[in-house]
Each structure stands twice: as C-alpha cells, then as structure tokens.
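S.K.: Before I ask anything, here is the structure I am working with.
The values are calculated or read from the model by the stated rules, or taken from the named source; none is laboratory data. Note that this is a predicted model, so its numbers are computed, not measured. Counting neighbours? That spans all protein chains shown, and the Cβs are built from the backbone with ideal geometry, glycine included.
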C-alpha cells in the first residue's frame, strides 16, 4: 500500500505496489477524470502531473509515486472555482467527445506553470503527446492561449 499525495491529500490505496497509478485512480480512489486510452504511453489520455510534470498514469506503478505528489484533472479546479484552463476550454468549446481533454488539461497546466506566456509553437510541443481525433486542435490552442492571458491579467 504505497502512500502518496493526490490532489493535495494523503492517500494509500489498498493495492499492490506494482499496480498502475491509473488503476488506483479509477478504482479504489474513485477518480474518473484520468482515462485509459492505449496503455502504452501513446495517446496521453491518462496524463497526470507527477511533482508538477506530465506523466503517463497507465505505466506508472504505485511504487514509483510513493511519497510523491500527483495531480489529476480533478485537482486543477472545482465546478465552483475552475482553473483558468478549464474555464477557457469551456469558453472556446475546445472539446467534442472530451475523452482526451483531462490529459491535455494537465499537460497544459504544466506548460503554463513553466511558461506563463507560451507561443503557439510551445503549446503545440507541450500537447504533441496527446491524440485527439475530434479535430478540436485549433480550439484547444486558442483555449490555452486564453487561459495564459487570463492567468496574467491580459485579454485573449
């Protein structure tokens, strides 16, 4: 039962240490925002933040995250107080099916934490590991730019 910090709270799921973080999140921890896509780090649907950096939950073992901090899309904001990215994605209608968006949101949050004013090329590089088959790419880029502007008080 490896313990770690999840969205600011200490957790210790009752699973073996070789269980995947994704299994723990969607199973005993009850968080459904992080998705299973491919299971091989090829789609980004399972992306979470590990110590603030994007990481694939499908291949991370609980032993790997023991004692560390994990943030999922649920940890970014709440319905009452959404993260600026969540608000911008809604404003730009930057998703269709939404399957990939939790991973995209956490990767975009890591980008904006490291670079508060990224250009389009930086956004594309940060989101390159994510597959979105809905064709929402331009709206996603606009949403990240809108959130960056909102986070430092400019207008998009």
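S.K.: Output the residues belonging to region 46-67 that are surrounded by 15 or more Cβ atoms within 10 Å (Cβ to Cβ) and touching a residue at least 60 places away in the same chain (Cβ under 8 Å). It would help to see each step written out before you state the result.
M.R.: Within region 46-67, the subset surrounded by 15 or more Cβ atoms within 10 Å (Cβ to Cβ) is 46-50, 54-58, 60-62, 64-65.
Result: 47, 49, 54, 62, 65.
S.K.: Is there any pair with a first residue in region 1-19 that is in the same structural domain as residue 39 (by TED's automatic domain parsing) and over 10 Å from residue 62 (Cβ atoms) and a second that is assigned to a loop (DSSP other than H, G, I, E, B) and at pLDDT below 95 whose Cβ atoms are under 8 Å apart and which are 6 or more apart or on different chains, and what are they?
M.R.: Close Cβ pairs satisfying both conditions: 14/1.
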